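Contents: one structure, followed by commentary.
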Amino acid sequence: MRTAQQPRPERANGAALTRFLVVLTDVRPDDGYRDERNSPERRRQVVSASSREAADRIAGAFMALGMVRAGRQRVKVIAIGRRHARG
């Protein structure tokens, strides 16, 4: 595997497994307008997880950080790649 490639989602019984990203971002000052597509918050850390349980554990560890507890950083769990039903 080359370093520029993402590993392929593993397949179990013909279904593509959902992968998750856990993202730690800086919170912008409140300007009354929040558009993550055009001007996303600055990312501090991005971690990949292969299951929702693993993503929740990582997010829980991030939520224990002082900057998150003080409201200056935010934790987001994002599903990338959805499960496909076989049929």
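The values are calculated or read from the model by the stated rules, or taken from the named source; none is laboratory data. Being a predicted model, the structure only gives us computed values, none of them experimental. No Cβ is skipped: glycine too gets one built from the backbone with ideal geometry, and neighbour counts run over all protein chains shown.
At-a-glance table
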quantity	calculated
Search result, residues across region 45-81 that are assigned to a strand (DSSP E or B) and surrounded by fewer than 15 Cβ atoms within 10 Å (Cβ to Cβ)	Gln45, Val46, Ser48, Ile78, Ala79, Ile80
Qualifying residue in region 2-18 (condition: of a type outside the set (Lys, Arg), at pLDDT 80 or above and touching a helix residue (DSSP H, G or I) at 6+ places or on another chain (Cβ under 7 Å))	no
Region 52-71 residues that are without any contact (Cβ under 8 Å) to a residue 12 or more places away in the chain, paired with ones that are of a type in the set (D, E, K, R) (beta carbon under 9 Å, 6 or more apart)	Gly66/Arg72; Met67/Asp26; Met67/Arg44
Residue ID - farthest from Val77 (Cα to Cα), chosen from residues in region 13-44 that are hydroxyl-bearing (Ser, Thr, Tyr) and assigned to a loop (DSSP other than H, G, I, E, B)	Tyr33
Conditions (1) in contact with a strand residue (DSSP E or B) (Cβ under 7 Å, 6 or more places away or on another chain); (2) at pLDDT 95 or above; number of the one not met by Ser50	(2)
